[in-house]
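Before any comments, here is the structure.
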Amino acid sequence: MAVNIPALVSVIVFYIFILVVGIIAGRKSARSSSSHEIYLANRNIGMFVSFFTLTATMVGGGYINGTAEMMAMGGLAMTTAPFGFTLSLFISGLLYAPKMRRSNYVTMFDPFQIKYGRRVGGLLFFPQLCGDLFWTAAILSALGTTVGIILDISDTVAIIVSACVAVFYTFLGGLLSVAYTDVLQLVCITVGLFLAFPFAMHHPSVDMSRVSSTWLGEIDVSNLGSYIDVCVMVVFGGIPWQTYYQRVLACKNAEGARLSSIMAAAFCMVLAIPPAMIGLIGAAADWNQTSYDGPIPLPESKYNVILPMVLNYLCPLPVAVIGIGAVAAAVMSSADSCVLSTGTVFAKNIYTDIFRRKASDREQIWVLRITILIVGVVGTALAITAKSIYGLFVLCADLMYVILFPQLTCVLWFAPSNTYGCLVGYLVSLVFRILSGEVFLGIPVILKFPMYDETLGQRFPFRTTTMLISFATITGVSLLTNCLFNRGIVPLKYDIFKCIEKETERRRQLQRGESILAKGCDDIVSIPHINAAVEKRAPLVYLSDDL
């Protein structure tokens, strides 16, 4: 196998450039002894940088390669990710981000730990961990196949080198490094992708009339339930992501978080156009007229590498190299976000809030850095063994949708929710999801929903059903337990999580805050989260020390 030396040199230069920018951008954070500097860049991210980093994070290697893969295989109707992620960003920016930012949380899991207790809230970290690992694996796998095909080097080498670069500057500079490299990476993504597909379209082997009747795709009516299930999952499963909230919580204010999210949603859809076109071009090409020497027509196993194949065989070498830069930029902009978000939650919500409440900022920073290294290694290992980029891309939204979406919505918008509802809802959704099976992970189907087919599997919208069951469980159990304790049907001594005590304390703090506000005093700032609660009359929760 002959390595493409000119292309390899170009990619090495690009990687070094990204690494240098990341190190320079994060040099202040690298010397800082403040954990908030690493976690949230001191909440000093402006709307412009926030827009860039949000867009670059969402438009990762899985987004680009997965969009091309599904457009080539099933047409527009089967390419759900771009539309789903756009709607997800829009809904998050409109409803969730401003509420979170006004409360001055540090991570997405703070409201859980504040309301339900530190240990119970910490349980919700594990679905997020799995989601981040799957997402990291998806985007690194996408880069490995792209670089491997065009440069004629091992996929494994490409994955490892890319992961090392992203992890290194994230390890040093935290969010500030990630945010400013995202600005550069988004420019590379935009230029590279929009430059590549016109060249490929004009290749002699490409006849777009071949896909004129198939590019819209077709929805299998017999599998409509499963199709709707995936569409809804991609939209709402994209809301409860720490990678997203780490950026909006770092914004200067709630309005900046809202506007940058809405702008990012629009641009995510724009950036889906080039990979979608590349997927169609791959389906419209007569590969016999190219230097490709593999099986023709393309087997289904080849569609997951359709984007690098189009870049390699249908574009001039300089354009292909620029295309690699676009994919590499997309991958690193998302990989660094995943490892940072997981590290932040573990260092802040697990290590500090549960095990080491008196941990110094310096100790938290080193726990964060060690976690970044571990997550980077595990994500890289998964990427090396991944078989389907799109499978990983969808799977990472699955756990977020089924478990975390109803939990996040209830903790923010359903005031009566309590620890009992959270725990039971968590267990019910987890059990239902495991029993429903997962082909990609080799989990057998035990719970067979209506319309189950031994060949096609679950055709009923079982994910959405499980999510709704989780919602009903959280709200139902919370209301029931509140009623039992408040009416004295069950003695308060059996309220092991002290939900009623915390609710009473919450009301007292809120009343005290309103009293202080009416007198014009400044003492209110000493009460965590009470500013937002008083100004917006939002529910305020209290975390007791024994939880």
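The values are calculated or read from the model by the stated rules, or taken from the named source; none is laboratory data. Fair warning: this is a prediction, and the values are worked out from it, not measured in the lab. Cβ sites come from the backbone with ideal geometry, for glycine too, and all protein chains shown count toward neighbours.
Observations
- Checked against the criterion of being closer than 24 Å to Val305 by Cα, part of a helix (DSSP H, G or I) and aromatic (Phe, Trp, Tyr), the candidates Phe126, Phe134 yield just one match: Phe134.
- Count - residues of region 193-248 that are within 30 Å of Pro111 (Cβ to Cβ) and at pLDDT below 85: 0
- Unique residue being touching a helix residue (DSSP H, G or I) at 6+ places or on another chain (Cβ under 8 Å), surrounded by fewer than 24 Cβ atoms within 10 Å (Cβ to Cβ) and either over 23 Å from Ala137 (Cα atoms) or β-branched (Val, Ile, Thr) (or both) when the list is Ile306, Ile281, Ile296: Ile296
- Qualifying residue in region 345-357 (condition: modelled with pLDDT under 85 and either surrounded by fewer than 23 Cβ atoms within 10 Å (Cβ to Cβ) or part of a helix (DSSP H, G or I) (or both)): yes
- Failed condition for Asn304, given (1) at pLDDT 90 or above; (2) touching an Asp or Glu at 6+ places or on another chain (Cβ under 6 Å): (1)
- Failed criterion for Met233 (all others in (1) in a helix (DSSP H, G or I); (2) touching a Ser or Thr at 6+ places or on another chain (Cβ under 6 Å); (3) under 23 Å from Ser341 (Cα atoms) hold): (2)
- Helices (runs of 4 or more DSSP H) completely within region 1-110 that count 2 or more residues being touching a Cys at 6+ places or on another chain (Cβ under 9 Å) and modelled with pLDDT of 80 or more: 47-58, 81-91, 97-102
- Qualifying positions in region 310-331 - among the aliphatic types (A, V, I, L, M) and either surrounded by fewer than 18 Cβ atoms within 10 Å (Cβ to Cβ) or at pLDDT 85 or above (or both): Val310, Leu311, Leu314, Leu317, Val319
- Evaluation of Leu216 against (1) over 30 Å from Ala328 (Cβ atoms); (2) in a helix (DSSP H, G or I); (3) not charged (D, E, K, R) (one fails), failing number: (2)
- Residues (under 14 Å from the mean Cα position of the chain (by Cα) and not polar (S, T, N, Q)) located in region 243-263: Tyr244, Tyr245, Arg247, Val248
- Applying a threshold of 7 Å to beta carbon distances and a minimum spacing of six or more residues, or different chains, the list of pairs starting in region 150-167 at a residue that is on the phi < 0 side of the Ramachandran plot and ending at one that is part of a loop (DSSP other than H, G, I, E, B) reads Ile150/Asn4; Leu151/Val3; Leu151/Asn4; Ile153/Val3.
- Residue match in region 199-221 (condition: under 19 Å from Gly66 (Cα atoms), buried (at least 18 other Cβ atoms within 10 Å of the Cβ), over 22 Å from the mean Cα position of the chain (by Cα) and not hydrophobic (A, V, I, L, M, F, W, C)): no
- Cβ pairs under 9 Å, 6+ apart, first in region 219-244 and under 15 Å from Leu87 (Cα atoms), second surrounded by fewer than 17 Cβ atoms within 10 Å (Cβ to Cβ): Cys231/Phe83; Val234/Phe83; Val235/Phe83; Ile239/Leu95
- Filter result for Gly256 (under 30 Å from Thr409 (Cβ atoms), in contact with a helix residue (DSSP H, G or I) (Cβ under 7 Å, 6 or more places away or on another chain), in a loop (DSSP other than H, G, I, E, B) and in contact (Cβ under 8 Å) with a residue 12 or more places away in the chain): no
- Candidates Ala250, Ala329 - the one that is within 24 Å of Gly379 (Cβ to Cβ) and touching a strand residue (DSSP E or B) at 6+ places or on another chain (Cβ under 6 Å): Ala250
- Taken together, the residues in region 180-213 that are in contact with a strand residue (DSSP E or B) (Cβ under 6 Å, 6 or more places away or on another chain) and either part of a helix (DSSP H, G or I) or among the small types (Gly, Ala, Ser) (or both) amount to 1.
- Inter-residue pairs, beta-carbon under 7 Å, first under 24 Å from Thr67 (Cβ atoms) and in region 81-106, second outside any helix (DSSP H, G or I), 6+ apart: Pro82/Ala272; Gly84/Gly238; Phe85/Gly238; Ser88/Gly238; Ser88/Ile239; Ile91/Ile239; Ser92/Ile239
Residue-by-condition table, conditions (1) at pLDDT 90 or above; (2) under 29 Å from Pro111 (Cα atoms); (3) of a type outside the set (Asp, Glu); (4) crowded, with 17+ Cβ neighbours inside 10 Å:
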| residue | (1), (2), (3), (4) |
| --- | --- |
| Met451 | no, no, yes, no |
| Glu454 | no, no, no, no |
| Pro461 | yes, no, yes, yes |
| Thr464 | yes, yes, yes, yes |
| Gly476 | yes, yes, yes, no |
| Tyr494 | no, yes, yes, no |
| Glu501 | no, yes, no, no |
| Gln509 | no, yes, yes, yes |
| Arg512 | no, yes, yes, no |
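- In region 282-330, the residues that are closer than 13 Å to His203 by Cα, part of a loop (DSSP other than H, G, I, E, B) and either β-branched (Val, Ile, Thr) or free of Cβ contacts under 8 Å to residues at least 40 places away in the same chain (or both): Thr290, Ser291
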